[in-house]
Structure formats: C-alpha cells, structure tokens
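Asker: Before anything else, here's the structure in question.
Read-outs: derived from the displayed coordinates by stated rules, not from any lab. No experiment lies behind these values; they were computed from the predicted model shown. Cβ coordinates were reconstructed from backbone atoms using ideal geometry, including for glycine residues, and neighbour counts include every protein chain displayed.
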Amino acid sequence: MTERFHLGVDYGTSASKLVLRDFQAPGGEKAYVIFRKEDFRIPSAVGVTTSDLIFGCIPDATRAEVRWLESIKMRVAGGAKGQYEKYCFVPCPELPEGFSEQDLAILSVWFLLSLGHQAIAARESGHRFWRLTFGRSHAPAFRLSMTMGIPTSFFDDRQLRESFLHIARVAFQLYQQKPMEGERISRAQARRNLDSAIAAVCSKPAIVDKDLRDWIRMEAEAALLWPFQSPAVPDGPYAKIDIGAGTTNASIFRIVADPQTAYQTRERIAFFGACSKPVGMDAIDRSILSAANLANQNPASIRGEEQRLMERSGIVSTLRPTLDEIHSAYSEAWRRALPKLSAPAEQSAWTDHSIFFIGGGSLVPAVTEYLRKSPLRGGCAPHKCVDLQRPDDLYAKQNLRVSPADMAFLAVAHGLSNPRIAIPVADAPREVPPMSHQPPTARKAKRWQDDQDAWRWD
C-alpha cells in the first residue's frame, strides 16, 4: 500500500512553517510540525556565493563570502507589480545573475518540499518495527502532495495569484524530479533544474479555477479552518490580523451560517477586504533598539523581549509611527470591505466585530492592544480578541502536542495540510458582491472523499 502525505507550506517573508499530514499514522490521522535544527521556524532568506545558493539558514553577517537576500516573497510581489517600494520594506540587494525573484522563491519552496520528504523518510524508518509486527517486510513507498499559502490580498490580485501558482507548480515539479539534497546547490545546477521544471510545467494544461485551491490557498482561510469547525466560535463578522516579522496581513471576513440547516451549521467564509503591508515585528524591533540607543544591535537579539522593553518609560510612545503603519493594514482592509457592506444591519453588526491575531506580533500585548483600536469609530471601543484553539490532530513530535502559544505561528500551515476533511467554501474579496438584504445562497463545500481519484497526489 502506498502511503499518502500532504504538506502544508506556509512560505513566509522571514520564516516558513511546515505541517505534514499523515493519513495512515499509527492510531489515526495526525498532522506533525516539521522541525529543522530544533526550530519549526525555517529562515526564508537565500544565501548567495559566487558558486552556490544556500537555503534554510539564519543570515550570518560574519560570513563575508555569503550575500544574504531577504524578503524574497515580497520581492516577488514587488517585481510582478513593478512596485518594489509598495511591497518591500527592507533593502533589496542585487539578485544573482541569471535568477529572478520568482526563481529564488521556486527554489526556496523546492527546499521546503524536500524537508517534508526528509521528514517522511525519517518517520518511515522510525515506524519500521511497528510495520513488521503486522507482517510487512519493508517500508512502503509514499506519495507527497502540497498546498502553499499566500496572503488574501495576493490571492485577490490576478497577477500575483498567477505568479504564486507558478511558483507552487514549478517547485512541486522540481520535487517530483528529485528532492533537493542538503541546504546548498550550485547556481549552475539550480539553473538547469529550473529550466527543466519550467518547461515541464508549461507543457501541462493550465490549472482550472475549481482546482486552484488545491495548489494555493489564502493564508487567512487556512488559519481559520479550525475556528470555522469549532462550535466555540460563533458565526458572524471578524477581522484577522497576521503580524509577521516582515509583513502584516489583515482580512475582513464573515463566518456564514448555512440557511439550509436552519443556520445550525457553517456554510462558508466570505472575505470582504484584505491588505498586506511590508511592515511587521522587524520594524518594531528596530524602533525599540533605536529608542534604547542600541541601533547597531541585531534586531533578532531582542525577539521575544519586546513587551519587557516596551514597558520602559517612554518607549511605547516612540513606537507609535511604526504601530500606525501596522494598523494601516487593518484600516485599509476595512476601507476595501466597506463598499460591499451596504445592508444597514450588516454595517451595524460590524461595529462590534472580534479579531483573530496570529503571527509573532500576536504574542506582544502592547502590539495587539494598539491594533484593537477600531478603524470604524476613530479608535474608540477596542474590539475583542478571539483566541486560536489548538487543533486536536496537531503534534510537535510523535505524541507530544504543540504548545497553545505556538498556534500563532502554526495555524496557517495546519490549515494548509488539511485536504481530507470538508474544506469550507471561501470567497475571496473579488468574488463577493455588495451585500444584499437577502440570505446568502448555499454552496456545497468541496470534500476530498467526494472524488478521491481526482485529487492531486502526483
């Protein structure tokens, strides 16, 4: 029997996270966080030497022979739209000759897929004794599929959506040809592999709309999969604010009850507006160091200490310009959503919506407290926060459950790992017309079980 796995790829601006779903795990289906060097946050920077490319390593300024390129994900967006200043907060060093931003993103995702492959191989080896007790003489072959997340505002933009779909398809083609070995590859070999994989993908049929979410899915949609299923989270209006290291992504959405079941179950998630801003905790850390007269210190050195440092007298007030930039993602998402919320009752409901916070910034109370300010009434009446619950099927290692605090980082990858249960219908902002006074039309959710043969395992 060929075993099947699905990898949720949360390809991040600063760090990526991977969750691997094992459909035939001992004791029942489980999802496992993939660790590399004892950390599940895998650096997204790409190191460049005269001969090689390096992936998955923390940038080291002391290695003079290596030039580090960061924020590749946002550079892809800036390059695709021809607006670097809109999408890239950090400096953008010159790319290695013969490689585009998209090429480096493809290679980065190929590296992440290869880590998933290595994790499966290690688990297969570890379970060998368990299988032998059931009469199997060797570990069976396995197949790996994947889904990659992108910000809601990127998914809503045709040009960016197609760019990241291309990244996912070519990276998967590279993985199918051969997993990357180690963390380094020669630039010449990388270019040959890219050319071969791009040619192979271009020879295949285009991805039709109904299969798009098998390849790429909105990060907000993925993060909300477990809350969507939970009876503890009521239907209604919400905001989601993801404060990462280099970006902040905000979405305005509603969890919609199903009128065909007398509103007793959920039918869909409807997104009304979204915005991504190239500012996050890196900018907060730089501002803290500047206020403390430590501007020459590495911002990474105070990661996790922000709340303590911000409580020092006068520090919080100096951070307001940066916090305002982060809050602007929330305000802009709301501005884009407002034209669609024309029904008077709907506008009234949104004055009291709640907020899901995810990302590293969600663990800093001073940041979330500032972002709770309502964009609807000039900052009055802060909105309530909704805690992310820990999924029942998510494990760190073997039978060790993940920490609830880690859900701020893992919610997206967990949702992306999950094709088997009913995936809720999720309407991107471009798909949501101005809200009428009539109840929404029901639409059936796609289920993996409905058409197993059509699901993409190869």
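Asker: Amide H to amide H, which residues 5 or more places from ARG4 or on other chains are under 5 Å from it, using H placed in the peptide plane?
Answerer: PHE23, GLN24, ARG143
Asker: While we're here: Whole Å is fine, so just give me how far the alpha carbon centre of segment 274-353 lies from that of segment 217-268.
Answerer: 21
Asker: I'd like to know how segment 3-215 sits against the 2.2 N^0.38 Å rule of thumb: what's its Cα Rg over that expected value?
Answerer: Normalised Rg, Cα atoms only: 1.07.
Asker: Oh, and also: Given the options ALA197, PHE356, ILE302, identify the residue whose Cα lies farthest towards the positive end of the charge dipole of the chain (+1 on Cβ of Lys, Arg; -1 on Cβ of Asp, Glu).
Answerer: After comparing all options, I get ALA197.
Asker: Sort 10-23, 58-71, 202-215, 403-416 by packing, meaning the average of other beta carbons within 10 Å per residue, with the highest value first.
Answerer: Ranking, from highest mean packing down: 10-23, 403-416, 58-71, 202-215.
Asker: Would you work out the charge dipole size for segment 3-215 about its Cα centre, treating the Cβ of every Lys and Arg as +1 and the Cβ of every Asp and Glu as -1, and quote it to the nearest 20 debye?
Answerer: The calculated dipole for segment 3-215 is roughly 600 debye.
Asker: Within the set LYS81/LYS178; LYS30/LYS204; LYS240/LYS340; LYS86/LYS340; LYS17/LYS240, which residue pairs have Cα atoms separated by over 22 Å?
Answerer: Exceeds cut-off: LYS81/LYS178; LYS30/LYS204; LYS86/LYS340.
Asker: Still on this model: If you average the C-alpha positions of segment 71-92 and of segment 1-27 separately, how far apart do those two centres end up, in angstrom?
Answerer: What the calculation gives is 28 Å, centre to centre.
Asker: Tell me which residues come under 5 Å, amide H to amide H, from ARG401 once H is placed; ignore anything under 5 positions away on its chain.
Answerer: Counting only residues 5 or more places away or on other chains, the set is ALA396.
Asker: Based on DSSP, what percent of beta bridges with both residues in the chain are antiparallel, to the nearest 5?
Answerer: Taking every DSSP beta bridge with both residues in the chain, the antiparallel ones total about 65 percent.
Asker: So, one more: Can you give me the long-range amide H partners of GLY273? Hydrogens built in the peptide plane at 1.01 Å from N, cutoff under 5 Å, separation of 5 or more residues or another chain.
Answerer: Those qualifying (amide H under 5 Å, at least 5 residues apart or on another chain) are ILE252.
Asker: Size of the dipole of the chain about the Cα centre, Lys and Arg at +1 and Asp and Glu at -1 on the beta carbon, nothing else charged, in debye to 20?
Answerer: Computed about the Cα centre, the dipole is about 460 debye.
Asker: If you compute Cα extents along the principal axes in Å for the structure shown, which of (1) 86, 50, 46; (2) 64, 59, 43; (3) 98, 57, 41 do you land on?
Answerer: (2)
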